[in-house]
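Trainee: Following this message is one structure expressed as structure tokens.
What follows draws every value from the coordinates through simple rules; no lab data is involved. Fair warning: this is a prediction, and the values are worked out from it, not measured in the lab. Methodologically, a virtual Cβ is constructed for each residue, glycine included, from the backbone with ideal geometry; neighbour enumeration extends over all protein chains shown.
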Amino acid sequence: MALLDVENLTLGFYSEKNKKWSKVLNDVNFSLYENEFLGIVGESGSGKTILANSILNLIPKQGKIVSGSILFKDRDILKLTEDQIRKVRGKDIAIIFQDPMSSLHPLLTVKDQIVETLQAHRLIKKSDAVEIAMNLLRDVKIDRPELVLNKYPFMLSGGIRQRVMIAISISCGPEIVIADEPTTALDVTVQRDILALIKGFKKNLNFSLMLVSHDLGVIWENTDRVVVMYCGRIMESGKTEDVLRNPLHPYTFGLLSSIPRKTGKKLEILKGIRGSIPSLHDFPEHICPFLPRCDFATEKCNRPLLLEQVDRDRFVACFNKGAFK
Amino acid sequence: MNNFNDNLLLRAENIKTYFPIYKGFFIKKKTGYTRAVDGVSLSIRSGETIGLVGESGCGKSTFARSILRLSPITSGKVWFQGVNLCDMHDNEIRKIRRYFQIVFQDPYSSLNPRMTVGSIIAEPLKEHSIVKRSELQGEVFRLLDIVGLSSQMLNKFPHEFSGGQRQRIAIARALALRPKLLVADEPVSALDVSIQAQILNLISTLQKQMGLSLLFISHNLAVVRHICSKVAVMYAGKVVEYGKTSDIFDHPQHPYTRTLIKSIPVPDPGYKNYKFNNVEK
């Protein structure tokens with residue numbers, strides 16, 4: 001039973017300059033199951049973050065849902081009123097943003113920010129909330145939480161800030177946590193601690209995690225299933241092991257071959273992907289969006305792309321699946 | 001110096017870069033020093049690729065800037081082809097700087113937004129009188145070509161380019177002076193993985209073609225392993241481990257190096273030797 005169902009989601013963005021609508025998300029379909037870690041991977045500009053934000057109905061002004069639905073417990077999130085969605089945000093679905101500097105309130109202490117979230121969703125006294133906040137900070141492995149509680153975000157390091165973000169996100173016992181590039185701004189050693197922390201909570205708190213990242217290594221080590229996105233479309237999805245070990249889409253293959261790896265010979269040329277991702281208003285509409293950068297394209301590819309099921313829980317959008325093998 | 005000094009390009013001896021800490025509002029008092037770089041020595045031979053790795057704040061960039069005399073050095077000596085850079089006057093430094101060029105991390109802030117690509121690349125050529133005025137345009141075209149940009153881009157401004165393209169422009173500008181040493185300060189960390197691969201390919205091809213020495217600074221160990229023949233690991237202003245790339249990665253001695261290697265997430269061990277030897281999923 002899926003916890004969250006995203007069905008045929010298409011999101012349009014209007015550009016004043018070009019006077020036209022472009023699809024920033026194009027027919028996106030996926031499900032998030034209970035107690036599952038799902039990865040969303042792709043280059044910057046492929047629509048990962050906008051997908052994560054639209055699950056909380058945090059769509060910017062120039063955006064408009066063209067079609068589709070996001071079903072959470074049989075309710076369509078996109079049809080909820082502002083008051084109703086506010087009860088879901090932070091309580092049932094929580095989000096950890098990429099940059100902990102700009103996502104924490106700079107003028108409020110850590111205590112105020114955690115207590116605010118707790119009191120918004122639970123009927124508790126402030127003194128109780130402070131007590132809970134202290135325990136939460138202890139849970140995210142901050143030494144001497146009583147000191148951190150009264151500090152402002154600018155006084156804390158990036159790693160500690162991200163721990164505070166995690167504490168806020170799990171404070172109301174969410175069912176889904178969306179982590180949007182939670183470790184991109186951090187050093188590798190801090191990244192490892194933060195990811196270990198999130199993984200540790202999975203065991204005790206039983207939430208599902210949607211991990212947005214551009215780092216295939218992070219995805220491989222932390223997720224059960226993965227969705228590969230490009231130009232607002234799903235290119236490939238399936239079990240992380242299957243997708244990364246046996247990629248069927250040339251884009252996934254290209255991403256994997258862009259990563260330097262150990263070989264016998266020194267200094268081999270990385271295969272990678274040529275060109276770069278087009279800007280939003282140049283997304284190809286009626287052909288495979290990856291066609292201009294694909295080394296394995298044929299005439300077949302010159303038509304609208306469809307996401308096809310190739311196996312149980314394995315979807316690929318390519319006319320030449322695995323042609324590169 | 002030893003017998004091998006004939007191909008020694010740069011030697012940094014015991015470099016220390018301290019930044020003073022001031023306290024007080026009206027009357028500033030020096031209360032101490034931040035030891036950004038604390039006694040680092042490094043030799044670079046011609047044609048060698050050396051990687052400098054460590055976490056942010058460990059002093060990698062400050063060290064690179066110090067040996068190029070872009071940051072003031074507190075103590076220590078830098079020998080570049082037998083000349084001591086530390087004793088040099090600013091005017092002399094400016095002249096000799098054509099032999100060591102730098103590519104910065106953030107291509108969004110290292111290019112002048114009000115200059116066209118053509119003038120960005122032509123500026124060092126004019127400044128150092130590398131080519132005759134009549135050959136200037138041809139040289140700029142040649143440089144654009146070797147970094148894989150088309151000559152139609154000559155009159156565009158940096159904001160019209162993507163991050164990868166901007167980094168190519170920065171590389172063209174650095175190579176314009178035909179340097180002997182190229183310092184690349186986190187050149188790919190702001191880029192997507194696919195673009196990162198393109199830039200890495202470009203740097204390593206050019207390094208081989210032009211016989212450049214390369215000091216490659218990065219926090220990404222996989223990238224350093226790919227491109228460098230020797231690696232220095234820095235921590236808190238000091239080099240904690242230095243050696244051949246294969247030795248460092250296969251048999252790290254210092255606990256910090258081990259932690260660093262263990263922390264890198266690596267995609268799929270089954271995917272042909274993807275994995276670093278000593279990392280367990």
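Trainee: About the Cα centre of the protein assembly as shown, how large is the charge dipole given +1 on each Lys and Arg Cβ and -1 on each Asp and Glu Cβ? Please answer in debye to the nearest 20.
Mentor: 1480 debye
Trainee: Spin-label point model (7 Å from Cα, Cβ direction): what's the B:PHE157 to A:ARG138 distance in nm?
Mentor: 5.7 nm
Trainee: Could you size up the charge dipole of chain A around its Cα centre, putting +1 on the beta carbon of Lys and Arg and -1 on that of Asp and Glu, and report it in debye to the nearest 20?
Mentor: Dipole size: approximately 460 debye.
Trainee: Another one. Could you give each residue of the range A:171-179 its phi-based ³J(HN,Hα) in whole Hz, using Karplus coefficients 6.51, -1.76, 1.60 with θ = phi - 60°, and x for Gly or Pro?
Mentor: Using θ = phi - 60°, the values come out as 4, 9, x, x, 9, 10, 10, 9, 10 Hz.
Trainee: Okay, moving on. A:MET229's amide H: which non-local residues (gap 5+, or another chain) put their own amide H closer than 5 Å, with H modeled 1.01 Å from N in plane and none for Pro or chain starts?
Mentor: A:VAL41, A:GLY42, A:MET235
Trainee: Could you check which residue among A:HIS249, A:HIS214, A:HIS105 shows the biggest mean-square fluctuation in a GNM of chain A with a 10 Å Cα cutoff?
Mentor: Checking each option, the largest mean-square fluctuation is seen for A:HIS105.
Trainee: Please list, in order along the range A:50-56, the HN-Hα scalar couplings obtained from phi with the Karplus expression 6.51 cos²θ - 1.76 cosθ + 1.60 (θ = phi - 60°), rounded to whole Hz, x for Gly and Pro.
Mentor: 5, 5, 4, 5, 6, 5, 9
Trainee: A further question on this structure: Where Lys and Arg each count +1 and Asp and Glu each count -1, what net charge lies around A:LYS48 among other residues with Cβ under 13 Å from its Cβ?
Mentor: Taking every Cβ under 13 Å from that of A:LYS48, the sum is -4.
Trainee: Now for a separate question. If you plug each phi of the range B:173-178 into the Karplus form 6.51 cos²θ - 1.76 cosθ + 1.60 with θ = phi - 60°, what whole-Hz ³J(HN,Hα) values come out, in order, with x for Gly and Pro?
Mentor: 5, 5, 7, 4, 8, 6
Trainee: In degrees from 0 to 90, rounded to the nearest 10, what is the angle of the helix A:126-139 Cα long axis to the longest principal axis of chain A?
Mentor: Helix A:126-139 and the main axis of chain A meet at about 50 degrees.
Trainee: Here is a follow-up. Taking beta carbons within 10 Å but only from partner chains, what does the mean come to for residues A:243-251?
Mentor: 2
Trainee: For the range B:3-263, what's the relative contact order in percent, using C-alpha pairs closer than 8 Å and at least 6 residues apart? Write out the running numbers ahead of the final one.
Mentor: Details: 469 pairs, mean separation 65.4, N = 261.
Computed value for the range B:3-263: 25 percent relative contact order.
Trainee: While we're looking at this one, here's another question. Please identify, among B:SER151, B:SER194, B:SER119, the residue showing maximal mean-square fluctuation in a Gaussian network model of chain B using a 10 angstrom Cα cutoff.
Mentor: Comparing B:SER151, B:SER194, B:SER119 in the GNM, the peak value goes to B:SER194.
Trainee: So if we plug the beta-carbon distance of B:SER150 and B:TYR99 into 1/(1 + (r/R0)^6) with R0 = 25 Å, what FRET efficiency do we get, rounded to 0.05?
Mentor: The computed FRET efficiency comes out at 0.30.
Trainee: Can you give me the three principal axis dimensions of chain B from its C-alpha atoms, in Å, biggest first?
Mentor: Here the spans come out as 59, 56, 51 Å, largest first.
Trainee: For each pair in A:LYS19/A:LYS61; B:LYS29/B:LYS238; A:LYS17/A:LYS61; A:LYS23/A:LYS91; A:LYS17/A:LYS48, compute the distance between the two Cα atoms and list the pairs where it is over 18 Å.
Mentor: Numbers: A:LYS19/A:LYS61 16 Å; B:LYS29/B:LYS238 27 Å; A:LYS17/A:LYS61 16 Å; A:LYS23/A:LYS91 30 Å; A:LYS17/A:LYS48 24 Å.
Too far apart for the 18 Å limit: B:LYS29/B:LYS238; A:LYS23/A:LYS91; A:LYS17/A:LYS48.
Trainee: Where the centroid of each part is defined by its Cα atoms, how far is the range B:168-234 from the range B:52-110 in Å?
Mentor: Result: 16 Å between the Cα centres.
Trainee: Still on this model: Helix A:188-205 versus the longest principal axis of chain A: what is the Cα-based angle in degrees, 0 to 90, to the nearest 10?
Mentor: The two axes meet at around 70 degrees.
Trainee: Just the Cα atoms of the protein assembly as shown, one point each, no solvent: what log10 I(q)/I(0) does Debye give at q = 0.05, 0.07 Å⁻¹?
Mentor: -0.25, -0.49
Trainee: Once you average over the residues of A:268-279, how many Cβ atoms of partner chains fall within 10 Å of each Cβ?
Mentor: Per-residue shielding by partner chains comes out at 5.
Trainee: Report the calculated FRET efficiency for B:LEU136 and B:ASP106 (r = Cβ-Cβ distance, R0 = 41 Å), to the nearest 0.05. Working shown, then result.
Mentor: Working: r = 28 Å, r/R0 = 0.68.
Plugging the Cβ-Cβ distance into 1/(1 + (r/R0)^6) gives 0.90.
Trainee: Starting from the Cα-Cα distance between A:VAL310 and A:ILE124, subtract it from 0.36 nm times their residue separation and give me the gain in nm to one decimal.
Mentor: 61.9 nm is the gain from fully extending A:VAL310 to A:ILE124.
Trainee: GNM on chain B, C-alpha springs below 10 Å: top fluctuator among B:GLY76, B:GLY164, B:GLY32?
Mentor: Answer for the Gaussian network model of chain B: B:GLY32.
Trainee: If you take every residue apart from A:LYS126 with its C-beta less than 13 Å away from the C-beta of A:LYS126, what net charge results, scoring Lys and Arg +1 and Asp and Glu -1?
Mentor: For residues surrounding A:LYS126, the net value is -1.
Trainee: Ok, one more. Once you average over the residues of B:186-194, how many Cβ atoms of partner chains fall within 10 Å of each Cβ? All intermediate terms of the calculation are to be shown ahead of the outcome.
Mentor: Numbers: counts 0, 0, 0, 0, 0, 3, 11, 17, 16.
Going residue by residue through B:186-194 and averaging, the value is 5.
Trainee: Can you show me the helix-derived [θ] at 222 nm for chain B, built from DSSP H runs with n ≥ 4 at -39,500 (n - 2.57) apiece and divided by the number of residues, rounded to the nearest 500.
Mentor: Estimated from H runs of four or more residues: -9500 deg cm²/dmol.
Trainee: Further question: What angle, in degrees between 0 and 90 and rounded to the nearest 10, separates the Cα long axis of helix A:158-170 from the longest principal axis of the Cα atoms of chain A?
Mentor: Once rounded, one gets 80 degrees.
Trainee: Would you please give the residues with an amide H less than 5 Å from that of A:LEU4, counting only those at least 5 places away or on a separate chain, with H modeled from the backbone geometry?
Mentor: Those lying under 5 Å, H to H, from A:LEU4 are A:LEU32.
Trainee: For chain A, rounded, prolate or oblate, judged on the Cα gyration tensor with a ≥ b ≥ c (square roots of eigenvalues), a/c < 1.5 rounded, else prolate if a/b > b/c?
Mentor: prolate
Trainee: Something else: Put a dot 7 Å past each Cα toward the Cβ at A:ASP83 and B:HIS254; how far apart are the dots in nm?
Mentor: The two pseudo-label positions are separated by 6.1 nm.
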